[in-house]
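Novice: Following this message is one structure expressed as structure tokens.
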Amino acid sequence: MAKRLFIKSYGCQMNVYDAGRMADVMAVHGFAQTDRADEAEVTVLNTCHIREKAAEKLFSDLGRLRRPPRRRARNGWEGARIVVVAGCVAQAEGAEIMRRAPWVDIVVGPQTYHRLPELVRRAEAGERGLLDIDFPPESKFDRLPEEGAAQGPSAFLTIQEGCDKFCSFCVVPYTRGAEHSRPAAAVVAEARRLIERGAREITLLGQNVNAYHGEAPGGGAEWGLARLIRTLADLPGLSRIRYTTSHPRDMDDDLIAAHGELPALMPYLHLPVQSGSDRVLAAMGRRHTGADYVDLVERLRAARPDLALSSDFIVGHPGEEEADFEATMALVRTVGFAQAYSFKYSPRPGTPAAATGNQVGETEKADRLARLQDLLNAQQHEFNRRTVGRTVPVLFDRRGRKPHQLAGRTPAMQAVHVVCRDSESLMGEIRDVFVTEAHSNSLTGELAAMPPPLAHAPRIPGAGRTIA
Ligand code: 5AD
Ligand code: SF4
């Protein structure tokens, strides 16, 4: 019988993607994934270090995984159940994890999880305290099995990792290391495999995805993100392309133009601005102003007028004063976001911002976050409300909680729920949905009537491919 592997992921989509690749690499070694932690021989906690809460969650979960040695032995767990901590907290605090939770068998960083089967084999043989947080010379992507598990209609594909920007507040350049792009040919090959296994939509992932500069197939000048997306847009069967996360400074003219030219490139962009205050943006080391961001948004909207924008915001960065926060609120009002993520600044060990003296008090941070979130929520609700009464193409990629309910996404990433008899047959399909209701985080709709089939319709290869 296959041994079982349980993976819990914290944090970003990149981590969810990594969890999938860990499952792929372990599958080759006879491990089947389970969603029940209690029956797994190997439990992986795939961690995120970007904000405080994620690391706290890890230690509380590790507390639950701890077993008194005698009980472990009686239940036959001793030596059989292996606890792995992976991801960015593993990278940044590997030794500390081993010290605080000595029942952890393996700590493995985001760059070396292709070595997980070997580490598990050593742990099964009785080795304890295995720590692998190298930045190895080999790329993990070259060591992963090509035959990964299917991801379904909406798939992720990591094309770039790491970051060289060193924003004052951020641990990513330390935990994920220097910027590294995968060769374009490897990305296209992986995209083809995902499409063969049912993907209609691919989201290209990277910590700084629009800084992508991959080796060109057959040599020559490196490809930027726009060149890569243009090639992917021509792959038969792929209807939707997205990418995340972008930095405003890497939004070049070609990429902006691609938003206007490629129907498959969805009209939704996550473009973190962090703050609207030039003083704070400078302190953050973002190397652009609030006006630069607004100007960029205007150019993007000139190319693609229906572009929905999302962003990340940090309130209470060291040195932020009320007037700076007001500048953030003003930027939000000017741009108008379809949705956004906002966080209280949390000092991350080893980052420059954590070491400065002018930290903002907890009360101010909480107050500013509440005010910002009120505004962002109102904008999101308004954006969703404007979709009511319209018909939008929805890619159905999940079952809903209710019987016969299906869930999917609009081009602008809004979640849509539809109830229909034939729900199973619609999985992975893009269908027009008439939106009847807006909620703060989702929409409800009804399938729009299909046009009657044409009698003797000619079958032209490629015709009828939905571009949405
Ligand atoms: N404190 C709060 N938020 C942070 N982020 C990154 N580092 C921190 C931090 N130290 C947020 C940024 C980033 C998102 C992924 O997480 O907004 O864009
Ligand atoms: Fe972190 Fe993004 Fe800044 Fe890189 S660009 S340091 S990942 S916030």
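Taken together, the values in this text are just the output of simple stated rules run on the coordinates, not laboratory data. Keep in mind that this is a model prediction, so the values were computed, not measured. In this analysis, Cβ positions are derived from the backbone assuming ideal geometry, glycine residues included, and neighbour counts consider all displayed protein chains.
Novice: According to a simple spin-label model (label point 7 Å from Cα along Cα-to-Cβ), what is the distance in nm between ALA378 and ALA221?
Specialist: Roughly 4.7 nm, to one decimal.
Novice: Next question. What is the distance, in nm, between label points placed 7 Å from the Cα along the Cα-to-Cβ direction at GLU424 and at ASP295?
Specialist: So the label points at GLU424 and ASP295 sit 5.7 nm apart.
Novice: Which order do the peptides 167-177, 336-346, 353-363 come out in when sorted by mean C-beta neighbours inside 10 angstrom, highest first?
Specialist: Descending mean neighbour count gives 167-177, 336-346, 353-363.
Novice: A further question on this structure: Exceeding 26 Å between C-alpha atoms, which entries from my cross-link table qualify? They are LYS57/LYS365; LYS57/LYS402; LYS8/LYS365.
Specialist: Violating the 26 Å Cα-Cα cut-off are LYS57/LYS402; LYS8/LYS365.
Novice: Return the whole-Å distance between the Cα centroid of segment 315-359 and the Cα centroid of segment 1-46.
Specialist: Each part reduced to its Cα centre gives a spacing of 35 Å.
Novice: Debye sum, Cα scatterers, segment 148-385, no solvent: what log₁₀ I/I(0) at q = 0.08, 0.11, 0.14 1/Å?
Specialist: Debye intensities relative to I(0), on a log10 scale: -0.32, -0.61, -0.96.
Novice: How long is the gain from GLU118 to GLU39 if the chain were fully straight, where each residue apart is worth 0.36 nm and the alpha carbon distance is subtracted?
Specialist: 26.3 nm
Novice: I've got another one for you. How much of the calculated P(r) for segment 115-273 lies past 21 Å, in percent of all Cα pairs?
Specialist: 52 percent
Novice: I'd like the antiparallel share, as a percent to the nearest 5, of DSSP beta bridges with both residues in the chain.
Specialist: 35 percent
Novice: Enter the mean projected area of the convex hull around the alpha-carbon atoms of segment 263-414, in nm², rounded to one decimal.
Specialist: Directional mean of the projected Cα hull area for segment 263-414 stands at 11.4 nm².
Novice: Under the Cβ-under-4.7 Å rule, which cysteines of the chain stay unpaired?
Specialist: CYS12, CYS48, CYS88, CYS163, CYS420
Novice: In nanometres, what is the gap between the two model label sites at PHE166 and GLU364, each 7 Å from Cα along Cα-to-Cβ?
Specialist: Between PHE166 and GLU364, the simple spin-label model gives 2.7 nm.
Novice: Counting only helical runs of four or more DSSP H residues, what would the 222 nm mean residue ellipticity of the chain come to if each run contributes -39,500 (n - 2.57) and the total is spread over all its residues? Provide the component values of the computation, followed by the final result.
Specialist: Values: 15 runs with 159 residues, N = 468.
Calculated at 222 nm, the ellipticity per residue is -10000 deg cm²/dmol.
Novice: Separate question: Could you tell me the center-to-center distance, by alpha carbons, between segment 238-267 and segment 168-218 in angstrom?
Specialist: Centre-to-centre (Cα) distance: 14 Å.
Novice: Using the alpha carbons of segment 391-447, what is the convex hull volume per residue in cubic angstrom, as a whole number?
Specialist: 69 Å³
Novice: Calculate, for GLN13 and GLU322, the FRET efficiency according to 1/(1 + (r/R0)^6) with r their C-beta to C-beta distance and R0 41 Å; round to the nearest 0.05.
Specialist: So, using R0 = 41 Å, E works out to roughly 0.75.
Novice: Please quote Rg/Rh for the chain to two decimal places, taking the Kirkwood radius as Rh and restricting both calculations to Cα atoms.
Specialist: That ratio is 0.97, to two decimals.
Novice: Can you check what the net charge comes to around LEU205, using other residues whose Cβ is under 11 Å from the Cβ of LEU205 (Lys, Arg +1; Asp, Glu -1)?
Specialist: Net local charge, LEU205 excluded: 0.
Novice: Which value, in Å to one decimal place, does the Kirkwood hydrodynamic radius take for segment 3-132 when every pair of different Cα atoms is included?
Specialist: Its Kirkwood hydrodynamic radius stands at 14.4 Å.
Novice: At a Förster distance of 22 Å, what's the computed FRET efficiency of ALA178 paired with ASP252, Cβ-Cβ distance as r, to 0.05?
Specialist: With a Förster radius of 22 Å, E is 0.60.
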